[in-house]
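These notes concern the structure reproduced below.
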Amino acid sequence: MAPTFVCSLIFVYGFILWNAYLSFTPSRMLPNYEFAGLVQYEALFANERWWVALKNLAIFGGLFVVICLAVGLFLAILLDQKVRAEGFIRSIYLYPMALSFIVTGTAWKWILNPGLGLERAVRGAGFADFTFDWLINPDKAIYTVVIAGAWQSSGFVMALFLAGLRGIDDSIIKAAQVDGASLPTIYWRIIIPSLRPVFFSSLIILAHIAIKSFDLVVALTSGGPGNASDLPATFMYAFAFTRNQIGLGAASAMMMLMIVAAVIVPLMYSELRGTRRG
């Protein structure tokens, strides 16, 4: 365990501390270790592009998590009905998770491209007035990222929920059926509440994926049109490695860390508190 502990200490927590210090320096193309206070954070919050990235993160993160949870639970319930060829269907649902976000973004970029994909196919089928230009529409571009992200991650959430459903004691369900409870009531009052640990795990994983999303956006929209689909991760990369403002990029990275902590810490506290009460 010692080598793993030392490597984690240096290459994870050590670099987090190094990045934190850089966020308080005037570093530009190369690190500058002169302490400059909160200058980079003031510049960050005065940057309009940063606020656009935060707004997009709220839209993308909220929709991504909700859609993945809803679709994943729905698919898990369907597969839990002992359908035929369950293994084959489950593999199809899980297949997108085997792809990288770069591949997913590229594929959906082709599908949603007005000149190549869905719009062209529907028009070719005789619907000449059909339009689906979300990929190039500044007001809709972020929703294309939601579509691609939910398509890839919903199958993984389905697998988590399916494992949770298969772990529920059948005797509880049979007792409810004997008492005359309908199937929707059993799911709503017994089965879904029993999946709380799965909801908790899925929520943390999905929130983490949403906050650190970078490659999907780069492959699908490149943050555009303009900065319309920018996220904090793409903002950080652009300023730290493209515009040679390492200090500002480090400050944005620390804010991303704070966002992760703001989401995960309350969830973990709530879950631990509920476990102790139980």
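The values are calculated or read from the model by the stated rules, or taken from the named source; none is laboratory data. None of these values were measured; they are calculated from a predicted model. Counting neighbours? That spans all protein chains shown, and the Cβs are built from the backbone with ideal geometry, glycine included. All accessible areas refer to the heavy atoms of the entire protein, side chains included, with ligands and DNA or RNA removed. Shrake-Rupley method; radii C 1.70, N 1.55, O 1.52, S 1.80 Å.
Brief remarks follow.
- Per-residue ³J(HN,Hα) for the range 209-219, Karplus 6.51 cos²θ - 1.76 cosθ + 1.60, θ = phi - 60°, Hz, x for Gly and Pro: 4, 5, 5, 9, 4, 9, 5, 4, 5, 4, 6
- With a cut-off of 15 Å between beta carbons, the residues surrounding residue 186 carry a summed charge of -2, where Lys and Arg count +1 and Asp and Glu -1.
- When peptides 233-244, 40-51 are ranked by their average number of other Cβ atoms within 10 Å per residue, the highest-first order is 233-244, 40-51.
- Carbon/sulfur fraction of accessible area - the chain, other protein chains in place, 1.4 Å, %: 68 percent
- Cβ-defined net charge surrounding residue 57, 14 Å radius [Lys, Arg +1; Asp, Glu -1]: +2
- Average accessible surface area per residue within the range 95-173, 1.4 Å rolling probe, Å²: 52 Å²
- Compactness check for the range 197-242: Cα Rg over 2.2 N^0.38 Å is 1.37.
- Candidates 178, 103, 145, ranked by Gaussian network fluctuation over the chain, Cα under 10 Å, top entry: 178
- Solvent exposure ordering (accessible area, 1.4 Å, most first) of 35, 60: 35, 60
- Relative counts (whole %) of C-alpha pair distances in the range 153-278, using bins that are 5 Å wide: 2, 9, 13, 14, 14, 12, 10, 8, 7, 5, 3, 2, 1, 0
- Size of the range 17-60 as Cα extents on the principal axes (Å, biggest first): 37, 20, 18
- Estimated purely from DSSP H runs of n ≥ 4, each contributing -39500 (n - 2.57), the mean residue ellipticity at 222 nm for the chain is -20500 deg cm²/dmol once divided by its residues.
- Cα-only radius of gyration and Dmax that characterise the chain, units Å: 22.6, 73
- Over the chain, relative contact order from alpha-carbon pairs under 8 Å, at least 6 apart, %: 30 percent
- Whole-number D in µm² s⁻¹ for the range 1-92, Kirkwood Cα-pair radius fed into Stokes-Einstein, 10 °C, 1.306 mPa s: 87 µm²/s
- Summary of packing: across the peptides 4-12, 196-204, the per-residue average of other C-beta atoms within 10 Å ranks them, highest first, as 196-204, 4-12.
- Whole-Å semi-axes of the ellipsoid equivalent to the range 42-181 (Cα gyration tensor, √5λ, descending): 36, 23, 14
- Along principal axes, Cα extents of the range 163-236, largest first, whole Å: 60, 19, 15
- Surface accessible to a 1.4 Å probe, per residue, for the residues of the range 189-238, Å²: 38 Å²
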